[in-house]
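Heads up: the structure comes next, in structure tokens.
The values are calculated or read from the model by the stated rules, or taken from the named source; none is laboratory data. Bear in mind that the values here come from a model prediction, so they are computed numbers and not experimental data. Don't worry about glycine lacking a Cβ; one is built from the backbone with ideal geometry, like all the others, and counts go over all protein chains shown.
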Amino acid sequence: MSNHHMPQFPESYWRDTVQLPSFPPLDQSLKTDVGIVGGGITGITAAYLLAKQNVKVVLIDAGPILNGTTGHTTAKVTAQHGLIYDELIQNFGVEKASLYYQASAEAIQIIRETIKEQQIDCDLTTEDAYLFTNADSFLSSLETEKKAYDQLKIASRLTNNIPLQIPVKSALMMENQAQFHPLKYLQGLVEACKEMGVQLFEQTTAVDLEYNKHPTIVTRNGHRIACRHVISASHYPFYDGQGFYPTRMYAERSYVVAIQSQDPFPGGMYINAESPTRSIRSALTKDNEELWLVGGESHKTGQGISTIKHYEALQHYAEEHFGINRFINRWSAQDLITLDKLPYIGAITKKQESVLVATGYRKWGMTNGTIAAKIMSDTILEHDQPYHDLFSPSRFQADPAIKEFARINADVAKHLIKGKLEYTNDQLKTLQSDDATITRINGQRTGVYKDESDQLHMVDTTCTHLGCEVTWNSGDRTWDCPCHGSRFSYTGDVIEGPAKKPLATVKREEL
């Protein structure tokens, strides 16, 4: 039977197809060498690399491990990160652009070696990656990018003929990249970590850092993890330490649909240069049937059209170009983008060398997260680290970054003010089930979601991070903040930082 219909609830295909171990919450205070906050690819890879060198590690995650961006990625393991290399050469020079490429290439190498060493079955395949365009205005951009590849000695080819049957005017191919099932891979690393004595805890939220002689992670329940070093590998740094991270990054959401097509997948991984983004790769179901993962539709979190429309646009694109026999999954992910597009990896500020942070991967977390784990573990082990300066979070001199800084903050200010002024009439009486509205209850801006059984869930829409007003995300049934990308469930719980506290709930009797 063919099933063209979009699944009602978003669920990551990766999480659907793997049984992950679960771990208890932390219920006491501990001492360790390295405390890691965040159980995604960065935190788990760092735990693995450190444990191999006999370092004592405790890793905590606010939710279940591998449920953040790592569990919702497209899992391309590639150094082809969109139109980036010419821009890096212009902004930083050939040497630094080359280092960025080498960092990504080394990350791919680390992943391949780890899979071999731990004998992990995670559907790893070697693929050529294609950056393509069907827009005349991007033809010269691809030619310029090809020149940058040549300067950096990246094996590539400019072609107008790609294996995928879609309209294409030009494509830049990077050889020998890879793709895998990220959770099967990381499940293997988690097993290895457990064997080496890493202590893992779930449902354990880090809320602060204290310093005595060494840093101590403080959890929401008041337990403390005293460490020599702390790695902040949560998607958003759980501790800011006056590094002003919210003003130096912005959040974007993007979407993925997993479908079965009547067409066999021709191999390769694809992403376009123009907007809206279209990213295409294959994957395998549990029964070894081929899936097409079609992603894209990026936009600033909490801004733009109703989010379900983004899923519908991908569905339409897939239907038009590949045909849909069955619709398997849909899900979305959040990514953080820094002022100069390079991740922040290293000491959180110049003065706090024992606290290391990794964030701002700009959608390329498989390679950036892996190399971040290597950089941070090398730093802790006092090994030489060639990428230290390139990614250092305190790298800014002044220059264009300052203008960008001001622009991003102006955008935040605009949303702060707009959210406060926006007024929606009381639409509760006409509210359909599985829909939400924003209204005023006793003068307070309140978000109301009516669930499938017509229960109302009411929250104060003021984001608990810095007081912006959240907006409803219909595609994922969440409240999203347009300022710094915090996300909350319809009951108000934190799904994604920088916010740490849930949205206040509004009681029925206040209606």
Restricting the range 432-460 to residues that are touching a residue at least 40 places away in the same chain (Cβ under 8 Å) and hydroxyl-bearing (Ser, Thr, Tyr), the one farthest from residue 481 (Cα to Cα) turns out to be 449
Applying the selection to the range 349-390, what residues are in contact with a strand residue (DSSP E or B) (Cβ under 6 Å, 6 or more places away or on another chain), in a loop (DSSP other than H, G, I, E, B) and farther than 30 Å from residue 83 by Cβ?
353, 354
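Go through 276, 246 for me and flag whichever is closer than 26 Å to residue 480 by Cα, in contact with a Ser or Thr (Cβ under 8 Å, 6 or more places away or on another chain) and of a type outside the set (Phe, Trp, Tyr). Break it down stepwise before answering.
Numbers: 246 fails: in contact with a Ser or Thr (Cβ under 8 Å, 6 or more places away or on another chain).
Going through 276, 246 in turn, just one is closer than 26 Å to residue 480 by Cα, in contact with a Ser or Thr (Cβ under 8 Å, 6 or more places away or on another chain) and of a type outside the set (Phe, Trp, Tyr): 276.
Within the range 179-260, considering only strands (runs of 3 or more DSSP E) that don't extend past its boundaries, which have at least 1 residues that are surrounded by fewer than 23 Cβ atoms within 10 Å (Cβ to Cβ), without any contact (Cβ under 8 Å) to a residue 40 or more places away in the chain and among the β-branched types (Val, Ile, Thr)? I'd like the intermediate steps shown before the answer.
Values: elements: 199-201, 206-211, 215-219, 224-226, 229-232, 249-260.
Qualifying strands (runs of 3 or more DSSP E): 215-219.
Of the residues that sit in the range 69-88 and are of a type outside the set (A, V, I, L, M) and assigned to a loop (DSSP other than H, G, I, E, B), which one is surrounded by the fewest Cβ atoms within 10 Å (Cβ to Cβ)?
Restricting to residues being of a type outside the set (A, V, I, L, M) and assigned to a loop (DSSP other than H, G, I, E, B), the top hit is 82.
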What tally of residues in the range 417-458 results from selecting those that are on the phi > 0 side of the Ramachandran plot and either in contact with a Lys or Arg (Cβ under 8 Å, 6 or more places away or on another chain) or at pLDDT 85 or above (or both)?
2
Among the residues of the range 264-305, what is the count of those that are surrounded by 14 or more Cβ atoms within 10 Å (Cβ to Cβ), assigned to a loop (DSSP other than H, G, I, E, B) and in contact (Cβ under 8 Å) with a residue 40 or more places away in the chain?
7
Tell me, please, whether a residue that is in contact with a strand residue (DSSP E or B) (Cβ under 7 Å, 6 or more places away or on another chain), assigned to a loop (DSSP other than H, G, I, E, B) and surrounded by fewer than 22 Cβ atoms within 10 Å (Cβ to Cβ) can be found in the range 445-466.
yes
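Is one or more of the residues making up the range 29-39 surrounded by 24 or more Cβ atoms within 10 Å (Cβ to Cβ) and part of a loop (DSSP other than H, G, I, E, B)? Steps first, answer last, please.
If we filter the range 29-39 for residues that are surrounded by 24 or more Cβ atoms within 10 Å (Cβ to Cβ), which is where we start, we get 34-39.
So of that shortlist, the ones also part of a loop (DSSP other than H, G, I, E, B) come out as 38-39.
Yes, the range 29-39 has at least one match.
Being of a type in the set (S, T, N, Q), within 20 Å of residue 6 (Cβ to Cβ) and either in a loop (DSSP other than H, G, I, E, B) or free of Cβ contacts under 8 Å to residues at least 24 places away in the same chain (or both) is the filter here, so list the residues in the range 467-487 that pass it. Explain how you work it out, then say what you get.
If we filter the range 467-487 for residues that are of a type in the set (S, T, N, Q), which is where we start, we get 471, 473-474, 478, 486.
Keeping just the survivors that are within 20 Å of residue 6 (Cβ to Cβ) gives 473-474, 478.
Within the range 467-487, 474, 478 qualify.
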Selection count, the range 125-144, where residues are in contact with a strand residue (DSSP E or B) (Cβ under 6 Å, 6 or more places away or on another chain), buried (at least 19 other Cβ atoms within 10 Å of the Cβ) and not small (Gly, Ala, Ser)
7
Out of the residues in the range 93-114 that are part of a helix (DSSP H, G or I) and free of Cβ contacts under 8 Å to residues at least 40 places away in the same chain, which is surrounded by the most Cβ atoms within 10 Å (Cβ to Cβ)?
105
